[in-house]
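**Q** Take this structure, written in structure tokens, and hold onto it; I'll ask about it next.
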Amino acid sequence: MSAKQFGDDIIHVDRIGKTFSNGVVALKNFSTDIRRSEVVVLIGPSGSGKSTFLRCLNGLEEIDSGSITIDGIPLDDDKKNRLEIRREVGMVFQHFNLFPHLTVLRNITIAQMLVRKRSRREAEEEAMHLLNKVNIADKAASFPSQLSGGQQQRVAIARALALNPKVMMFDEATSALDPEMIGEVLEVMKNLAVEGMTMVVVTHEMGFAKEVSDWVIFMEDGMKVEEGTADHFFTSPKEDRTKLFLSQIL
């Protein structure tokens, strides 16, 4: 994305490693830095460590080695630090994880009231603002089961945004959607990128990666194979493995 202004590094990842209890090595000596307002897209084959990396960034998975710092806060064993990072990092998953027994409006207000200590009125005002932002304000009184997959995912995005995160992470946010619903979710994500939200995105949507990403990282076997701007990555990749992967999906 041309003429975009970036800030300082907001995420610093230094040589992290992660091995699961079954012996599967998910991340090997992985390092990267992400700047404020940057959109970083992670691509690669299934099992390459992309989703594990996102889960490590917000503390859902423990790293075995290395270090992660987000907005100057180390992701360590300090519970206060972990709570602070969770407040600053919004996460949107493949599956929507909405509370089925709560209305759309309540799904978006409950965390605001608990985490940000907002009054119900403040929380509802913010929720309606965000539902307008993702073009689904007319569904505020609906329950998740009454919505399409694309609508549910837009609610999930609004819910994450309601806590005013400094970073938004998307873990294959469109992969569970029917093809005709993918575009509406990607459109919301594109708008966030234009507004300057720092985003880390795991996706198989190469059109989105080409159009929106500032930096692309190709992963395999828990390691960084190649990285660069979208223009470099999709027009003149250097690594043979990258070229093979792109030839299979483009």
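**Q** Quick one: which residue in L147, L83, L130, L102 is under 21 Å from M199 (Cα atoms) and either in contact with a helix residue (DSSP H, G or I) (Cβ under 7 Å, 6 or more places away or on another chain) or open to solvent by less than 60 Å² (accessible area, probe 1.4 Å) (or both)?
**A** L130
**Q** Considering A123, A137, A141, which residue is surrounded by fewer than 18 Cβ atoms within 10 Å (Cβ to Cβ), among the small types (G, A, S) and over 18 Å from H101 (Cα atoms)?
**A** On the way: A123 fails: surrounded by fewer than 18 Cβ atoms within 10 Å (Cβ to Cβ); A141 fails: over 18 Å from H101 (Cα atoms).
Being surrounded by fewer than 18 Cβ atoms within 10 Å (Cβ to Cβ), among the small types (G, A, S) and over 18 Å from H101 (Cα atoms) holds for just one of A123, A137, A141, which is A137.
**Q** If the requirement is being farther than 30 Å from D76 by Cβ and either in contact with a Gly (Cβ under 7 Å, 6 or more places away or on another chain) or not in a helix (DSSP H, G or I) (or both), which of these qualifies: L98, L130?
**A** Residue meeting the stated conditions: L98.
**Q** Of all residues in the range 160-171 being surrounded by fewer than 20 Cβ atoms within 10 Å (Cβ to Cβ) and out of contact with any Gly (no Cβ under 7 Å at 6 or more places or on another chain), which is nearest to F96 (Cα to Cα)?
**A** N164
**Q** Collect the residues in the range 49-75 that are within 20 Å of P165 (Cβ to Cβ) and surrounded by fewer than 22 Cβ atoms within 10 Å (Cβ to Cβ), keeping them in residue-number order.
**A** S51, R55, N58, G59, L60, E61, I68, T69, D71, G72, I73, P74
**Q** Also: With a cut-off of at least 2 residues that are open to solvent by less than 80 Å² (accessible area, probe 1.4 Å), out of contact with any helix residue (DSSP H, G or I) (no Cβ under 9 Å at 6 or more places or on another chain) and farther than 28 Å from A160 by Cβ, name the helices (runs of 4 or more DSSP H) lying wholly within the range 194-250.
**A** 240-249
**Q** Among the residues of the range 57-94, how many are in a helix (DSSP H, G or I) and free of Cβ contacts under 8 Å to residues at least 60 places away in the same chain?
**A** Final tally of qualifying residues: 8.
**Q** I'd like to know if the range 106-116 contains one or more residues that are open to solvent by 50 Å² or more (accessible area, probe 1.4 Å) and in contact with a Phe, Trp or Tyr (Cβ under 6 Å, 6 or more places away or on another chain).
**A** no
**Q** Check I157, I182 and return the single one that is within 17 Å of H95 (Cβ to Cβ), assigned to a helix (DSSP H, G or I) and open to solvent by less than 20 Å² (accessible area, probe 1.4 Å).
**A** Going through I157, I182 in turn, the sole match is I157.
**Q** Then there is this: Under 6 Å between Cβ atoms, which residue pairs at least 6 apart in sequence (or on different chains) link something in the range 95-109 that is at pLDDT below 95 with a partner that is open to solvent by 40 Å² or more (accessible area, probe 1.4 Å) and among the hydrophobic types (A, V, I, L, M, F, W, C)?
**A** H95/A176
**Q** Give the residue, chosen from D33, D8, that is surrounded by fewer than 22 Cβ atoms within 10 Å (Cβ to Cβ), on the phi < 0 side of the Ramachandran plot, touching a strand residue (DSSP E or B) at 6+ places or on another chain (Cβ under 7 Å) and modelled with pLDDT of 95 or more.
**A** D33
The values are calculated or read from the model by the stated rules, or taken from the named source; none is laboratory data. These numbers come from a predicted model, not from an experiment. For neighbour counting, all protein chains shown are included, and Cβ atoms are generated from backbone atoms with ideal geometry for every residue, glycine included. For the accessible areas, the whole protein counts, side chains as well, though only heavy atoms, and no ligand, DNA or RNA atoms are used. Shrake-Rupley method; radii C 1.70, N 1.55, O 1.52, S 1.80 Å.
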